[in-house]
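Participant: What follows is a single structure, and I will ask about it in a moment.
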């Protein structure tokens, strides 16, 4: 395959998913500059391995590479990062009663919602981003995070549970 | 269905990823249960908040140009044929021979090749497995435990054999990610040295065997047999690593298919 031919196909199928790539990288790195670097690196990697792309879901394929690039970076920069801990088995204490209307006010506070989502562990934050922001199906998410469907299901449930707890506790802090 | 069961399925229900039967069951339960429908309402509220446009980060305007530029640069570096299409090459026939010499060098000066990237990835995966305390998803010295563990997790069955008798005991296996695909990682040990063996189905076009490569003090060996690519990485000295590779090759050759 000629390089220009490959480049043409790449620009047609993969490049249109730039926003999706940036959104995921932005949520995983939690800052703009690093997210841009991650996206550039991920696209370069994706291009080098484009021969291995056998058609199918281009967005999920690209996001797999974006995620991989970000995780490599995250591991190298772990020192400076703070999130609540990732505990797949955490079942949570009984939620302290916060009535839905209070929650409605809080979840309309976009800055608070953003902070709370950023506080989630990477593994929880990414499934919420992929599902609720990127609107991927469970099957696509399973492909991107390289996990079985059952894991996607349970991780999303736990991620949302923890997000709600963070929202509730922040609500108490500054009512 | 009771409240506990409903609660665990509420998110999947919200995402419309349940089968029709369960979907109806949950719907019916929510009608009659105030507590569960309140819990469901909370989820809808948060989901609604998350859908706000300002939480979706669109790529900055100049990022597309930046990405496009670097990809195009990579494309030029990757393919000498691109240069043939330039008219000056065609026009200047006497230069063509000299140009060819330059062209042959281009893949080497145009940034790391995909082969080199893979080698770097292998070393990175090895280091990561040692660093984050995530050596094995299935810690077991029994090949008959490790091999079936991969069933359903990857689309092939890796050949697994214990080499404890030869001084390289199997420690376990885990899933890893290399070459843009999930791969099986088998973990062996020699004294205090850890050996990672990455296994994935061979890509026919890929050239796999070659000399031992050394990156950041780790040695990497790669070969293919029986349709499977093996990549071995360790800080073990190279003669020991070659011995291990030889043992692994002959063990794999005698495995029942």
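Participant: Tell me the Kirkwood hydrodynamic radius of region B:1-42 in angstroms, computed as one over the mean inverse distance between distinct C-alpha pairs.
Facilitator: Averaging 1/r across every pair of different Cα atoms and inverting gives 10.0 Å.
Participant: What FRET efficiency would be calculated for the residue pair residue B:115, residue B:5, taking the C-beta separation as r and a Förster radius of 56 Å, to the nearest 0.05?
Facilitator: With R0 = 56 Å, the Cβ-Cβ based efficiency is 0.65.
Participant: Which whole number gives the average count of other chain Cβ atoms within 10 Å of the Cβ atoms across peptide A:144-151?
Facilitator: Taking all residues of A:144-151 together, the mean is 2.
Participant: Can you work out the FRET efficiency for the pair residue B:37 and residue B:202, with r the C-beta to C-beta distance and R0 = 60 Å, to the nearest 0.05?
Facilitator: E(calc), rounded to 0.05, equals 0.65.
Participant: Another question, if that's okay. Take the alpha carbon atoms of region B:180-257, find their center, do the same for region B:1-73, and report the distance between the two centers in whole angstrom.
Facilitator: After rounding, the separation between the Cα centres reads 42 Å.
Participant: State, to one decimal in nm, how far the label point of residue A:135 lies from the label point of residue B:157, with both points 7 Å from Cα in the Cβ direction.
Facilitator: Taking the two extended label points, one gets 4.2 nm.
Participant: Return the distance in nm (one decimal) between the two label points of a simple spin-label model at residue A:11 and residue B:165, each offset 7 Å from Cα along Cα→Cβ.
Facilitator: Here the modelled spin labels are 6.0 nm apart.
Participant: While we're on this one: On full extension of the chain, what length is gained from residue B:53 through residue B:76, given 0.36 nm per residue of separation minus the C-alpha to C-alpha distance?
Facilitator: 4.5 nm
Participant: Provide A:53, B:198 in ascending order of the number of other Cβ atoms located within 10 Å of each residue's Cβ, fewest first.
Facilitator: Listed from fewest to most nearby Cβ atoms, that is A:53, B:198.
Participant: Using only atoms on other chains, find how many Cβ atoms lie within 10 Å of each Cβ of peptide B:114-120 and report the average.
Facilitator: Neighbouring Cβ atoms belonging to other protein chains average 2 per residue here.
Participant: So for the pair residue B:62, residue B:137, with labels modelled 7 Å out along Cα→Cβ, what separation do we get in nm?
Facilitator: 4.2 nm
Participant: Which of the three applies to region B:114-254, rounded, prolate or oblate, going by the alpha-carbon gyration tensor with a ≥ b ≥ c and a/c under 1.5 meaning rounded?
Facilitator: rounded
Participant: How shielded is A:15-25 by partner chains, expressed as the average number of their Cβ atoms within 10 Å of its Cβ atoms?
Facilitator: 4
The numbers here are math on the coordinates, done by the rules we state, and not lab data. Source: prediction; values computed, not measured. FYI the Cβ positions are ideal-geometry reconstructions off the backbone, even for glycines, and counts take in every protein chain you see.
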